[in-house]
Amino acid sequence: MDRHFLIAVSDQKSALYGIRFVSDFFSDKHHIKSTLFYSAPKPAAVFENEKSLEADSRQKEQQRKLLAKGKEAMKKALQECLDLGFPKENLTEKLEARIFSKIADIIQEGEKGSYDAVVLGRRGLSMIEEIFEDSVSRAIFNETFTFPLWLCRSSDPSRKNVLFYVDGSAASFQMADHVGFIVGFEKKHRVDLLAVDSIAAQSSLMDQYREILLKHGLPADMIQTSLLDSGNPAKQILKIVEMQAYAAVALGRSSSESNILARLFKGPVCSILFKELEDASLWLCP
């Protein structure tokens with residue numbers, strides 16, 4: 001079964017980190033499908049009292065330039081994929097005029113496309129922050145966002161394995177299913193379950209995580225368990241990632257919080273990782 005990713009494209013070079021991470025993570029790309037998605041900005045609005053043939057012409061010219069910019073960004077992204085060994089027949093381009101905001105359009109495409117994950121490069125950080133400035137984006141985010149999200153701020157082909165922070169929540173078990181689905185397909189990566197003492201001591205709970213990973217075909221010897229000391233889990237995770245060069249850090253997020261930021265970045269662990277994790281991809285599940 002193929003894995004299908006929605007990879008956000010922009011005219012910034014850092015957007016290519018998402019493409020490069022997917023390339024680095026999977027050794028065989030023949031079963032990897034990628035949809036490259038570009039949301040072209042809207043031209044400046046023409047108000048009623050400003051309407052004229054000249055104003056209309058200027059707006060159409062601006063729209064043409066914005067779409068041309070998007071086509072150029074898409075062309076570069078497509079070439080990057082081909083240079084990295086993605087089969088051309090597995091690549092789909094979607095360049096669309098913006099409906100809401102960039103992040104809102106990505107969220108909607110992620111929902112309707114049934115992708116296995118939505119992948120954002122470094123630009124993803126600032127795009128997500130648009131949610132707090134745009135009421136339409138907030139409304140969409142409140143109602144949807146059920147797909148796994150990968151934030152990729154850099155890419156390094158030498159990095160391997162997934163550090164999976166587990167806490168026993170429903171979102172955490174959803175992430176276990178996602179990690180198993182992804183890593184069970186690409187067996188070069190080990191999955192390290194990381195838990196605080198109170199969680200790790202619950203053997204039945206930890207067994208559930210292992211069973212989910214095993215169900216997806218991950219070999220038993222590619223699943224390990226590590227303990228966190230009491231204290232600041234996020235800071236410890238950052239140190240572990242730096243020392244052991246993980247490719248990704250995975251964790252669930254809560255959807256029960258009323259505050260958008262709290263819901264997306266559950267508690268201090270996710271919040272700190274979102275702000276400070278640089279060298280590994282951050283995987284989030286709803």
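Observations on the structure shown:
- Packing-based order for 7-20, 95-108, 164-177, 216-229, using average beta carbon neighbours within 10 Å, highest first: 7-20, 164-177, 95-108, 216-229
- Simple label model, 7 Å out from Cα along Cβ direction - residue 114 to residue 72, nm: 3.8 nm
- Inter-probe distance in nm under a simple model that places probes 7 Å from Cα toward Cβ, at residue 57 and residue 198: 7.0 nm
- Net +/- balance of residues flanking residue 88 in space, Cβ distance below 13 Å, scoring K and R +1, D and E -1: -2
- Expressed as a fraction of 2.2 N^0.38 Å, the value expected for a compact globular protein of N residues, the C-alpha radius of gyration of segment 1-105 is 1.31.
- Amide N of segment 223-237 lying under 14 Å from the label point, which is placed 7 angstrom from the Cα of residue 271 along Cα→Cβ: 233-235
- A straight chain from residue 28 to residue 214 at 0.36 nm per residue would run longer than the Cα-Cα distance by 64.9 nm.
- Sorting the segments 244-252, 25-33 by their mean number of nearby beta carbons within 10 angstrom, highest to lowest, gives 244-252, 25-33.
- Packing here is the average count of other Cβ atoms within 10 Å per residue, and on that basis the peptides 152-162, 56-66, highest first, run 152-162, 56-66.
- Karplus 3J(HN,Hα) series, Hz, for segment 223-229 with 6.51 cos²θ - 1.76 cosθ + 1.60 (x for Gly, Pro): 10, 10, 10, 10, 9, 9, 6
- Computed lengthening from residue 227 to residue 278, 0.36 nm per intervening residue step minus Cα-Cα distance: 16.1 nm
- Efficiency of FRET from Cβ geometry, residue 156 and residue 79, R₀ 35 Å, rounded to 0.05: 0.95
- Eligible lysines near residue 187 by straight Cα distance, threshold 23 Å, same-chain separation 8 or greater: 29, 33, 160, 215
- Cα centre as origin, Lys/Arg/Asp/Glu Cβ charges: segment 163-228 dipole, Debye: 220 debye
Only the coordinates and a few stated rules stand behind these numbers; no lab work does. Since the model is a prediction, treat every value here as computed from it, not as a measurement. Neighbour counts run over all protein chains shown; Cβ positions are idealised from the backbone, glycine included.
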